[in-house]
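Trainee: Take this structure first; my questions come after.
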Amino acid sequence: MWIELTDVNGERFAVNFDHVVSYNAYGHGAHLVTTTPDLTFFVKENIDTLQRAIGIKPARVTQAVK
């Protein structure tokens, strides 16, 4: 699945998310690691935005009642 993202310099690009091995929060955006050695992306989109784009419903964190 191809999705369009914004790198930290503001440039738009498309990445095939089938080749993304992992993604993690990084600052206000995210860090994506791909199957290609040494090819990673730092993007402005946060984890919730990425998950919506690929069809994953973001988990809701509930606060424990005291």
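Trainee: Can you list, largest first and rounded to whole Å, the semi-axes you get for region 2-53 by taking the square root of 5 times each eigenvalue of its Cα gyration tensor? Walk me through the intermediate numbers first.
Mentor: On the way: eigenvalues 44, 27, 27 Å².
Ellipsoid half-lengths, sorted descending, are 15, 12, 12 Å.
Trainee: Residues of region 16-46 with the amide nitrogen closer than 12 Å to a label point 7 Å from the Cα of E4, along Cα-to-Cβ, please.
Mentor: Counting backbone N atoms under 12 Å from the label point, the list is empty.
Trainee: Let me check against my output: what whole-number percent is the relative contact order of the chain, with C-alpha pairs under 8 Å and at least 6 apart?
Mentor: 25
Trainee: Spin-label point model (7 Å from Cα, Cβ direction): what's the R12 to R60 distance in nm?
Mentor: Label-label distance for R12 and R60, simple model: 3.2 nm.
All of the numbers you see were taken from the coordinates with simple rules; none came from a lab. Computed from a predicted structure; not experimentally measured. Virtual Cβ from ideal backbone geometry, glycine too; neighbours counted across all protein chains shown.
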